[in-house]
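The values are calculated or read from the model by the stated rules, or taken from the named source; none is laboratory data. Note that the coordinates shown come from a computational prediction; the quantities given were computed from them, not determined experimentally. Ideal geometry is used to build each Cβ from the backbone, glycine not excepted, and the neighbour counts take in all protein chains shown. Each accessible area value is taken on the protein alone, full model and side chains, heavy atoms only, with ligands, DNA and RNA left out. Shrake-Rupley method; radii C 1.70, N 1.55, O 1.52, S 1.80 Å.
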Amino acid sequence: MQLTKRECFKLVAGLAAAVALPFPAIAKTLKKENPMSFVLPELPYAKDALEPHIGAKTLEIHHGKHHQAYITNLNNLLKDSPLELKSLEDIILDAAKDPAKAGIFNNAAQVWNHTFYWHSMKPQGGGKPTGELAKKIDADFGSYDKFVEEFKAAGATQFGSGWAWLVLDKGKLKVTKTGNADLPLAHGQTALLTMDVWEHAYYLDFQNRRPDYISTFLDKLVNWELAAQNLKHA
Ligand code: MN3
């Protein structure tokens, strides 16, 4: 099997566990066309499944063009590099330490971020979490409303391009924001959930109204099962 040749499947295995799907269902999404290159993971739902909130056209371009471009760039940058056989996460951690590898870091991190983002949403998502995650949000933020306030602020105040996150940091839930491709993995934190706030994520559906996109993400799209499973397996 080619699939075992590269440990990039750590990410896939993590996501499979995270969304409680049988491994092969997601393994298909990050398979490689040969042992050396990454392949665009499939969306976990149909392109029009998030309508009317995020349109099929957005997902067609965001997934099919932007995410694909990061995959293509990463494969080109890794060609004949010693990193070529490493896992996606090891590539990110290695490149994060070396300013000369900024191109590799940016593209590898964006491959990871987008794969994680697709799973951070689901059709008929949104609303409040339940169970252990809900209890931990109350304990660490004070209340769900306080979490919402922090998450909205993180997304809205990330100047320019970047990401808003719910992370686990030394046992505690936190809301963070990162610029461009940066991600919790590079800061020793465990990502539970992410929201893309690059303009390409929302411009066709919301134009300049980033706060409306953020509210819609929380009310209609967020996949709390992903965060709950990530918390359980952290
Ligand atoms: Mn994006």
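Scanning the stretch 190-215 for residues that are within 15 Å of the ligand (Cβ to nearest atom), open to solvent by 20 Å² or more (accessible area, probe 1.4 Å) and either at positive phi or charged (D, E, K, R) (or both) returns Glu199, Asp205, Arg210. Taken as a whole, the stretch 131-140 holds no residue that is charged (D, E, K, R), under 22 Å from Leu183 (Cα atoms) and not in a helix (DSSP H, G or I). Tallying residues that are open to solvent by 30 Å² or more (accessible area, probe 1.4 Å) and assigned to a helix (DSSP H, G or I) within the stretch 117-127 yields 0. Starting from the stretch 192-204, keep only residues that are of a type in the set (Ser, Thr, Tyr), then list their pairs with residues that are within 10 Å of the ligand (Cβ to nearest atom) and at pLDDT 95 or above whose Cβ atoms are within a distance under 6 Å, requiring at least 6 positions of separation or different chains. That search, which allows pairs on different chains as well, returns Thr194/Tyr117; Thr194/Trp163. Check whether at least one residue in the stretch 161-174 is closer than 27 Å to Ala49 by Cα, touching a Gly at 6+ places or on another chain (Cβ under 9 Å) and open to solvent by 30 Å² or more (accessible area, probe 1.4 Å), and report yes or no. The answer is yes; a qualifying residue exists. For the stretch 193-212, the count of residues that are over 15 Å from the mean Cα position of the chain (by Cα) and of a type in the set (A, V, I, L, M) is at least one.
If you take the residues in the stretch 93-132 that are more than 16 Å from the ligand (Cβ to nearest atom) and of a type in the set (A, V, I, L, M), which one is farthest from Leu59 (Cα to Cα)? Across the stretch 93-132, the extreme among qualifying residues is Ala100.
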